[in-house]
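J.: Dropping a structure here in structure tokens format, bear with me for questions.
Nothing in this text is a laboratory measurement; each read-out follows from the coordinates by a stated rule. Everything numeric here is computed off the predicted structure, so don't read it as measured data. Methodologically, a virtual Cβ is constructed for each residue, glycine included, from the backbone with ideal geometry; neighbour enumeration extends over all protein chains shown.
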Amino acid sequence: MISNQILQNTIDGLKGITRVDLCVIDTEGKVLASTFPEGDSYINPAMAFIESPADSQVVQGCQFFKVFDDHQLEYVLLAEGDSEDVYMVGKIAGFQIQNLLVAYKERFDKDNFIKNLLLDNLLLVDIYNRAKKLHIETEVRRVVFIVETNREKDGNELEKVRSIFGSKSRDFVTAVDEKNIIVVKEMSDDERYEDLDKTAEVILNLFRADGDNNVYIAYGTVVHEIKEVSRSYKEARMALDVGKIFFEEKNIIAYSTLGIGRLIYQLPIPLCKMFIKEIFGGKSPDDFDEETLTTINKFFENSLNVSETSRQLYIHRNTLVYRLDKLQKSTGLDLRVFEDAITFKIALMVVKYMKYMESLDY
């Protein structure tokens, strides 16, 4: 259905051109849009007009028109005045609103199809049949973005994102819940993953310009058939969650960059607890003091390079070696040995994952 704002913008534009005041009333007697304050005074005549067989008539010096959607009465349109020119303006306005109804109905049908496609609610044969009816290409490159926003803020985030892609593009912008906006973007043959990062940046900057920095964007891998779009959507959802756990500093995350975090995210919590217990006994990597954790993280950042790590920590090489020896005694893991370092790194990530999942339970 057309929003009241779209109706208001339409009749405001028509009044700006024709200088004729217009008003739109629904079949329940509610004024949806008006260019003059006296719209409420025409509610009763409009309701009586609905019951009449006429498609247009003059009442109280005002032209009344019925606007249909597929033979179903949707609106009563008023044009103030009873001259021939006002009648013509009213007919044009009614025609414009009728075309909007058709366009929005088509968009609704496509939007509904895309939602069911993302959620795996369609049989394979239905996907191709409905895509054909809606004139949606089935064999093109597409990727799914998820934009997580604070949608309770002003409720206009969906239209913001739609404004980027334009009404004539073959991209789809929709929502399957109250928090996330979904973009199914069609890609040209020469577009690459770095181009997807640029698209995500454009969306992110749109919200930042309005002072909203609490926005996260994730996207899946590129798929080549419409039946695979749901896979890209699931990948984007996973990227959104995994990104919050292991890449908190990033507002944009791609499924292809998740690395080992993607595997850890799929582990059951009991298995994670068992792993931590086997590696550290009764301890947890979280129990280490801040100095030890800083040393470990910096050592990993520098690819287990003792000299570079000690330089960046502003400590003597021997001090770093002493800390690593002390850590080896308490855990049995020598971070200078690649296999032990990998085990320790995974353990840190597993603990991070468990803490995140526990926070969701509260």
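J.: For residue 330 paired with residue 307, estimate the spin-label separation in nm (one decimal), with each label point 7 Å from Cα along the Cα-to-Cβ line.
T.: Simple spin-label model gives 2.9 nm for this pair.
J.: Along each of its three principal axes, how wide is the spread of alpha-carbon positions in segment 249-346, in whole angstrom units, largest first?
T.: Between the extreme Cα coordinates on each principal axis of segment 249-346 lie 40, 35, 23 Å.
J.: Can you give the FRET efficiency to the nearest 0.05 for residue 189 and residue 40, using r as the Cβ-Cβ distance and R₀ = 56 Å?
T.: On the way: r = 56 Å, r/R0 = 1.00.
The computed FRET efficiency comes out at 0.50.
J.: Which angle from 0 to 90°, rounded to the nearest 10, does the C-alpha axis of helix 84-118 make with the longest principal axis of the chain?
T.: So the helix axis and the longest Cα principal axis differ by about 30 degrees.
J.: Roughly what would the spin-label model give for residue 271 and residue 300, points 7 Å off Cα along C-beta, in nm?
T.: 2.0 nm
J.: Still on this structure, I have one more. Assuming R0 = 56 Å, what is the FRET efficiency of residue 357 and residue 102, from their Cβ-Cβ distance, to the nearest 0.05?
T.: Working: r = 47 Å, r/R0 = 0.85.
Efficiency, from the Cβ-Cβ distance: 0.75.
J.: Which order, highest average first, do 259-265, 270-276 follow once you tally other Cβ atoms within 10 Å for each residue and take the mean per peptide? Write down the numbers at each step before the final one.
T.: Details: 259-265: 15.7, 270-276: 14.0.
Taking the mean over residues of other Cβ atoms within 10 Å, the ranking is 259-265, 270-276.
J.: Okay, next question. So how tilted is helix 124-133 from the main axis of the chain? Cα-based, degrees 0 to 90, rounded to 10.
T.: Compared with the principal axis, the helix lies near 40 degrees.
J.: Please report the equivalent ellipsoid semi-axes of segment 162-318, computed as sqrt(5 x eigenvalue) of the Cα gyration tensor, largest first, in whole Å. Each step should come with its number before you reach the end.
T.: On the way: eigenvalues 285, 83, 47 Å².
The answer is 38, 20, 15 Å, longest axis first.
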